[in-house]
Amino acid sequence: MAELDLLRFLAALAVVAFHFLVAYASVWDDRPAELFPALAPVAGLGILGVELFFIISGFVILMTVWGRGLGAFARSRLVRLYPAYWLSLAAIAALYGLTGAKALNPKLSPGDYLLNATMFQRLFKVTDASGVYWSLWAELRFYLLIAILVIVGVTYRRVLVFAGTWLVATLTVKLLEDNVPTVIGEIVMPDYAPYFIAGMALYLIHKHGSAFLPWLYVAGGYGLAIPSALGRVGRRVEAAGFKNMPVTDLSVIITITLIFILTALVALGLLRLKPSRTLTALGGTTYPLYLFHSIVAVALIPLLTGGLPPWAVVTITTLTAILLSYLVYSFAERPIQRLLKPRRPQQTPSAPAVQVEKASVP
């Protein structure tokens, strides 16, 4: 779906804008919001690009598992997630091990890097090698929950039961808050579940047409997403100060609303784009861009500042990150994925008599 490829790429660009223009003070050795005062209020909303990723993930993962078994699902996720992730992890280790780079340094031991390679480091309270890895832990937990659905068997009614149960559990955890055991909160993911649930419901609408329950789940997801987004952004504003994170509650509500509207238009088929190699490449570049842009920022921005104006620095850094991500996608990630994908068994040649019979059919 070309429109999803474009939305994914825009979500990644939003995250890049947030980091480069607002968040990466240690990389700039200055307050980015003061360097880009006109752009900071919009770029700050790029933090919500991850929420768009989560909705798209709910949509796409359900589409992926429909009619497939657990083994096929596990292989597809392994092949999709880990090659680029391992490359980015190796790049991070090389950056801090072989250069004098200090900004965003996770200061990990070799054992911590090895544990990061599993993508389960948060389960063992080990620091992420990159700040962007936090969302992958949410994705992994989503995949584990989906695996339960795959084992049971993916049907329209079972997806409704699964998503409805998760939605009720999310609401319950939010209402009880501190009275919920930590392990339950980790499984339910109340701050991110609304997006995954809404994405799954939108896929049901896309595949089977509009119906009351899927739209109810979308509405419920939207209702729960607003306070979650306000809370996540609010914590960032409180930590950095409004001057350094100039994002208002109203702008957060508008952004989440636009995210839900755009994905709903995709589900209804009202937002369609003609497939093209460009959009396919943008979709493929998205994941490496998400993983590698911070590495490029740490390597380039300190070198370029002083000799160039900030707008030139951020332009060169962004274009370099996109180019590197495309190269990673084309010449590393795709070849590795082809090697890891299981080979299809060759079909047994048909008997000559059958071939003749088929050839005679007009």
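The values are calculated or read from the model by the stated rules, or taken from the named source; none is laboratory data. A quick note: this is a predicted structure, and the numbers were derived from the prediction, not measured. Positions of Cβ are generated from backbone atoms using ideal geometry, with glycine treated the same way; all protein chains shown enter the neighbour counts. Heads up: the accessible areas ignore ligands, DNA and RNA and are worked out on the full protein's heavy atoms, side chains in. Shrake-Rupley method; radii C 1.70, N 1.55, O 1.52, S 1.80 Å.
For the reader, a short list of remarks on this structure follows.
- First in region 127-140 and hydroxyl-bearing (Ser, Thr, Tyr), second anywhere and open to solvent by 20 Å² or more (accessible area, probe 1.4 Å), Cβ under 6 Å, 6 or more apart: Thr127/Pro106
- Search result, residues across region 6-41 that are open to solvent by less than 50 Å² (accessible area, probe 1.4 Å) and at pLDDT below 95: none
- Some residue of region 247-270 being open to solvent by less than 20 Å² (accessible area, probe 1.4 Å), farther than 30 Å from Arg158 by Cβ and within 21 Å of the chain's Cα centre (by Cα): yes
- The residues of region 246-277 that are out of contact with any Leu (no Cβ under 8 Å at 6 or more places or on another chain), assigned to a helix (DSSP H, G or I) and either more than 21 Å from Ala17 (Cβ to Cβ) or among the aromatic types (Phe, Trp, Tyr) (or both), listed by number, are Phe260, Arg277.
- Some residue of region 281-290 being more than 16 Å from the chain's Cα centre (by Cα), part of a helix (DSSP H, G or I), surrounded by fewer than 22 Cβ atoms within 10 Å (Cβ to Cβ) and of a type outside the set (D, E, K, R): yes
- Of the set (1) open to solvent by 10 Å² or more (accessible area, probe 1.4 Å); (2) modelled with pLDDT of 95 or more; (3) touching a helix residue (DSSP H, G or I) at 6+ places or on another chain (Cβ under 7 Å); (4) of a type in the set (Val, Ile, Thr), all apply to Thr64 but (2).
- Checking each residue in region 185-222 for being over 19 Å from Phe53 (Cβ atoms) and among the small types (Gly, Ala, Ser) picks out Gly185, Gly209, Ser210, Ala211, Ala219, Gly220.
- Residue within region 141-161 that is of a type in the set (Lys, Arg) and either within 20 Å of Phe54 (Cα to Cα) or in contact with a strand residue (DSSP E or B) (Cβ under 8 Å, 6 or more places away or on another chain) (or both) present: yes
- The number of residues in region 75-107 being small (Gly, Ala, Ser) and surrounded by 14 or more Cβ atoms within 10 Å (Cβ to Cβ) comes to 7.
- Selection status of Thr280, touching a residue at least 40 places away in the same chain (Cβ under 8 Å), among the β-branched types (Val, Ile, Thr) and within 15 Å of Val15 (Cβ to Cβ): no
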